[in-house]
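Data first, discussion second: the structure below is written as structure tokens.
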Amino acid sequence: MSRVAVLKGGRSLERQVSLRSGARVEDALGRLGHEVVSIDAGHDLIRRLREADPDLAFIAMHGRDGEDGTVQELLEIIGIPYTGSGVLACGRAMDKVLAKHLMLEAGIPTPEFFAFNETAFRELGAADALGEIEERLAFPIVVKPSSQGSALGVRFARSAADVPAAIVAAFSYDSRVLLERYVDGRDLAVSILDGEPLPVVEAVPHDDEFYDFEARYEIGRTDFVCPAELPDGLTEAAQELALRTYRLLGCTAFARVDLMLDAGGELTVLEANPIPGLTDTSLLPQAADAAGISFDALIGRILELALERQPA
Amino acid sequence: MSLARRKRLVEVAHERELLVLEDNPYGLLRYEGDPLPPLFRLDGGVYVMYLGTFSKILSPGIRLGWVVAPPPVLEKINLGKQAADLCTSTLSQLMVQAYFERGRWEDYVESLTDTYRTRRDTMLDALAEHFPRQAEWTRPGGGLFIWATLPDFIDTTDLLARALRDNVAFVPGEAAFLDGRGRSSMRLNFSASDEESIREGIRRIGEVVTEQVELYGTLTGEYRVEDIAGAEVVPMPTPGERGRRAKGE
């Protein structure tokens with residue numbers, strides 16, 4: 001059995017979700033017979049990791065620091081093996097603009113978009129190009145920060161009048177924002193475990209037009225259907241696209257890829273999450289469950305993959 | 001809450017036979033003007049139950065308060081309290097009792113009030129200096145908070161994410177409503193920080209607000225640079241002008 005440091009919390013805006021993911025992971029590791037050292041990632045992270053001297057770090061952090069490669073880089077430096085994707089894959093996946101450019105290049109369909117830094121508006125007069133962008137993308141337009149998870153800062157602009165405030169909101173979260181074509185359709189998520197796609201999950205919001213931050217984490221705000229009931233061939237197509245995205249970004253062990261299915265049966269990839277939620281309502285555990293993999297088995301598998309990767 | 005609103009609330013409670021729980025932690029912290037009567041007094045203790053706390057007039061760590069309610073309600077509260085924690089520490093209760101029996105507590109509340117009044121004024125001055133002119137805020141006669149409202153294109157929940165990157169925080173106004181109002185407002189606390197921190201905190205919040213007003217301006221042309229605080233020479237408000245943009249109490 002191993003001594004496992006569970007890294008959770010941190011200062012990201014998804015701290016609360018991460019604490020819930022972390023607590024659940026700790027319970028599972030305990031049931032699997034591992035020794036658990038719980039670490040809320042703060043100023044003393046390195047010191048505490050050195051003190052604990054774990055065989056492995058289980059990163060249960062979401063958003064900034066935990067999911068963008070920062071913590072992974074620190075763990076590389078001090079030589080502690082960790083779960084999930086490496087520095088480069090995290091960096092690629094968390095930067096939606098970079099990920100979408102890579103997808104375009106690789107021929108993976110992703111909704112059309114334009115991305116800007118704040119300086120483009122402040123110093124280069126990008127506002128004068130908004131008309132062309134709006135014409136190209138057509139309303140409604142999705143406006144989002146390049147590097148936040150959990151739908152934070154994501155807005156729908158229904159008309160040109162909504163665009164400026166939506167851009168201002170998105171810049172609250174990141175210095176780069178993207179304006180993306182809205183896909184009217186079904187919200188799908190395909191989780192990958194050890195290079196194998198799990199059953200597709202569909203998120204069906206109750207009443208809101210948009211699957212927002214709260215709805216994601218409150219039981220009862222959204223229904224999840226797993227496996228999603230899709231027309232012939234679309235399950236495989238969604239899984240195939242998710243797997244291609246996972247490989248393209250260089251993910252390791254597990255990840256969740258979010259897709260849209262439009263009315264014409266076309267699939268597009270929105271983003272990939274290198275450390276998807278592991279809470280009671282999260283999609284990866286639901287997908288694993290539908291594949292007959294219990295939460296404990298899922299956590300055990302993620303742990304094994306990290307240990308295998310690291311030469312003893 | 002204004003006197004008229006208080007009276008109307010009590011009227012509605014009587015008309016519809018509704019119980020009202022009045023939680024009044026800040027009522028004794030009054031900086032100017034006469035204190036307003038609690039709902040409990042207006043109602044005469046028929047529909048209104050009253051909660052008080054020593055946390056703001058003695059010390060937050062005491063974890064003690066009091067409740068005034070009809071005996072049948074008190075019985076149920078006692079039952080719930082026993083189920084929750086058996087009973088509040090007897091030692092703390094005796095200490096607080098002795099403290100209040102000595103009768104010096106009013107002097108202490110007065111000194112607290114002086115401190116908080118100075119902090120409130122510091123915050124009002126800092127707001128006038130650092131917030132853009134499209135913002136407005138209250139000049140509270142009591143309590144621990146200023147309520148500031150920004151132009152409606154700013155969502156304070158999003159703004160908080162930006163402000164946190166500069167290590168400053170506030171409570172987004174949305175938290176004060178159940179129906180999505182308050183999205184462009186924020187609650188600012190002036191009791192818990194010293195004057196220097198208040199000035200610095202408001203300066204930082206003012207900076208991110210101004211940044212968003214400017215960005216919005218470049219996106220729409222609606223706000224020109226000269227509309228933004230700091231872009232032109234504005235005479236510092238004199239103390240008498242403090243809160244001149246305030247919306248009242």
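Worth pointing out:
- Check on A:ARG176, open to solvent by 50 Å² or more (accessible area, probe 1.4 Å), at pLDDT 90 or above and within 14 Å of chain B (Cβ to nearest Cβ): yes
- Complete set of residues in the stretch B:178-198 that are within 28 Å of B:GLY217 (Cβ to Cβ), surrounded by fewer than 17 Cβ atoms within 10 Å (Cβ to Cβ) and more than 13 Å from chain A (Cβ to nearest Cβ): B:ARG181
- So A:ALA93, is it in contact with a helix residue (DSSP H, G or I) (Cβ under 6 Å, 6 or more places away or on another chain), in contact (Cβ under 8 Å) with a residue 24 or more places away in the chain, aliphatic (A, V, I, L, M) and at the interface with chain B (Cβ under 10 Å from one of its Cβ atoms): no
- Residue match in the stretch A:8-26 (condition: more than 21 Å from A:PRO285 (Cβ to Cβ), free of Cβ contacts under 8 Å to residues at least 60 places away in the same chain and of a type in the set (A, V, I, L, M, F, W, C)): no
Residue-wise test of (1) buried (at least 17 other Cβ atoms within 10 Å of the Cβ); (2) in contact (Cβ under 8 Å) with a residue 12 or more places away in the chain.
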{"site": "A:MET103", "(1), (2)": "yes, yes"}
{"site": "A:GLU112", "(1), (2)": "no, yes"}
{"site": "A:PHE121", "(1), (2)": "yes, yes"}
{"site": "A:ILE133", "(1), (2)": "no, yes"}
{"site": "A:ARG136", "(1), (2)": "no, yes"}
{"site": "A:VAL142", "(1), (2)": "yes, yes"}
{"site": "A:ALA161", "(1), (2)": "no, no"}
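- Scan the stretch B:3-25 for residues that are open to solvent by 70 Å² or more (accessible area, probe 1.4 Å), of a type outside the set (Asp, Glu) and within 30 Å of B:TYR108 (Cα to Cα) and the total you get is 1.
- Filter result (away from every other protein chain (no Cβ under 11 Å) and either in contact with a Pro (Cβ under 6 Å, 6 or more places away or on another chain) or in a loop (DSSP other than H, G, I, E, B) (or both)) within the stretch A:130-156: A:ALA138, A:PHE139, A:PRO140, A:SER146, A:SER147, A:GLY149, A:SER150, A:ALA151, A:PHE156
- Among (1) under 26 Å from B:GLN97 (Cβ atoms); (2) open to solvent by less than 30 Å² (accessible area, probe 1.4 Å), the one test that B:LEU86 misses: (2)
- Taking the listed residues B:GLY173, B:GLY182, B:GLY103, the one that is under 18 Å from the mean Cα position of the chain (by Cα) and at positive phi is B:GLY182, with no other qualifying.
- Wholly within the stretch A:40-107, helices (runs of 4 or more DSSP H) carrying at least 3 residues that are over 18 Å from A:SER146 (Cβ atoms): A:45-52, A:70-78
- Subset tally (residues that are within 13 Å of another protein chain (Cβ to nearest Cβ), of a type outside the set (D, E, K, R), open to solvent by 40 Å² or more (accessible area, probe 1.4 Å) and farther than 18 Å from B:GLY180 by Cβ) for the stretch B:135-165: 1
- Residue in the stretch A:114-123 that is within 13 Å of chain B (Cβ to nearest Cβ), touching a Ser or Thr at 6+ places or on another chain (Cβ under 8 Å) and aliphatic (A, V, I, L, M) present: no
The values are calculated or read from the model by the stated rules, or taken from the named source; none is laboratory data. Just so you know, these numbers come straight off a predicted model, no measurement behind them. Please note: Cβ atoms are built from the backbone with ideal geometry, for glycine as well, and neighbour counts cover all protein chains shown. What goes into the accessible areas is simple: the full protein's heavy atoms, side chains included, and nothing from ligands, DNA or RNA. Shrake-Rupley method; radii C 1.70, N 1.55, O 1.52, S 1.80 Å.
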